[in-house]
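To keep things clear, I will list the structure first and then write my remarks on it.
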Ligand code: DAH
């Protein structure tokens, strides 16, 4: 038993030496000095020993217990002082930072691209007039981009839209496919999938195979719109555009409708607003005409409705297509459309 007590002491001291943290020290205390520890058990068992042995072993066991208790106390105070030191060191580090109650330094926050902002603004205006936003894919079937919109393969208006054809087949095995040349193709899908009354706007990227210059990019943005209901007339189209122009450009901006041709509307119109710079007298911005064209529009061709499964004798419809990129160009006097996609922060930070 005496030998076991000595072993116990050696083990305890060796382990104590390696302890660096208070929780480990507490474990050590429980293991060597706790109620269920071997040492406590041995002290309890002394009563069963013969008198002589009880004296010597008891004295040794009590001495070892006292020794372990005092090394524990010592180590405990050392580790406690250490952790206190650490707190003080953290305080020093904080103090070195200066006044930490001051507000933080602002991070440079990004902002919306002027075109995204314009898209949001237009969507908000039409949204408040009851139009719902519909989006579709950039890659489109020839049928929806042309055929369904009354532009058969031999039609000359296809030549206006130099096209990126794609050697690709969709998951239903359909082809040919292309990068849509206008968002009007979304309307061709909407008449197939939605039931009147319909009021939708369709924002999105469109693509044309064109040489890039200050006024042309091969990718730009459009928003098409479509309203289908009983009794819709050209007056509804004009009313919607007057309201749109008033909200986007200001109360007293005049709007002009002139005849134009698009295969998917009959009659078709070109919509222009009075030039913001010269108010109609003619300047460099409006090419001396006094007007700036913002959209194509018209009464949806009966064949387009029919192809989508809507009876043109029961329902009528108006449609429009707005060129989005020109709006911030005119608003901020930007003279080169390429700046929008140039990622030059000096340009983008101005808005
Ligand atoms: N899709 C035509 C274009 O890109 C614009 C257009 C004209 C859209 C008349 C329409 C419309 O919905 O009714 O040039």
In whole percents, the bins of 10 Å from zero upward hold the Cα-Cα pairs of the stretch 2-97 as 14, 38, 23, 13, 7, 3, 1
May I ask you to derive the relative contact order of the stretch 130-274, considering only C-alpha pairs under 8 Å and at least 6 residues apart, and to give it as an integer percent?
-> 21
Tell me, how many Å apart are the Cα centres for the stretch 1-80 and for the stretch 144-161?
-> 96
Expected-Rg normalisation [2.2 N^0.38 Å, Cα atoms] applied to the stretch 114-348 = 1.01
Segment residue 38-residue 1, length gained on full extension (0.36 nm per residue, minus Cα span) = 12.2 nm
Between the helical axis of 51-96 and the dominant principal axis of the chain, each derived from Cα atoms, what acute angle in degrees is found, rounded to the nearest 10?
-> 30
Before rounding to the nearest 500, sum -39500 (n - 2.57) across all DSSP H runs of length at least 4 in the chain and divide by the residue total; then give [θ] at 222 nm in deg cm²/dmol.
-> -13000 deg cm²/dmol
Computed over the stretch 2-97: relative contact order in percent, which uses C-alpha pairs under 8 Å that are six or more apart = 30
Rough spin-label spacing in nm, given labels placed 7 Å along Cα→Cβ, for residue 256 and residue 69 | 10.6
Measure nothing fancy, just the Cα-based angle from helix 184-193's long axis to the longest principal axis of the chain, in degrees from 0 to 90, nearest 10.
-> 80
Obtain the nm distance between the two label points defined at residue 195 and residue 47 by a simple spin-label model: each point lies 7 Å from its Cα along the Cα-to-C-beta direction.
-> 9.2
Part-to-part distance (alpha-carbon centres) for the stretch 253-303 and the stretch 200-237, which is given in Å = 13
Scoring the chain by relative contact order with C-alpha pairs under 8 Å, at least six apart, yields a percentage of 14
Please give the length that would be gained between residue 214 and residue 293 if that part of the chain were fully extended, namely 0.36 nm times their separation in residues minus their C-alpha to C-alpha distance (nm, one decimal).
-> 26.7 nm
Directionally averaged shadow of the stretch 110-157, computed from the convex hull of its alpha-carbon atoms, nm² | 5.6
Between residue 205 and residue 123, the two model label points (7 Å from Cα along the beta-carbon direction) sit apart by a distance in nm of 1.6
How big is the equivalent ellipsoid of the stretch 80-139 along its three axes, where each semi-axis is √(5λ) from the Cα gyration tensor, reported in whole Å from largest to smallest?
-> 56, 15, 12
Relative to the longest principal axis of the chain, what angle (0 to 90°, nearest 10) does the C-alpha long axis of helix 114-128 take?
-> 70
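Any read-out appearing in this document is the output of simple, stated calculations on the displayed coordinates, not a laboratory observation. Note that the structure is a prediction, hence the values are computed from the model and not measured. Please note: Cβ atoms are built from the backbone with ideal geometry, for glycine as well, and neighbour counts cover all protein chains shown.
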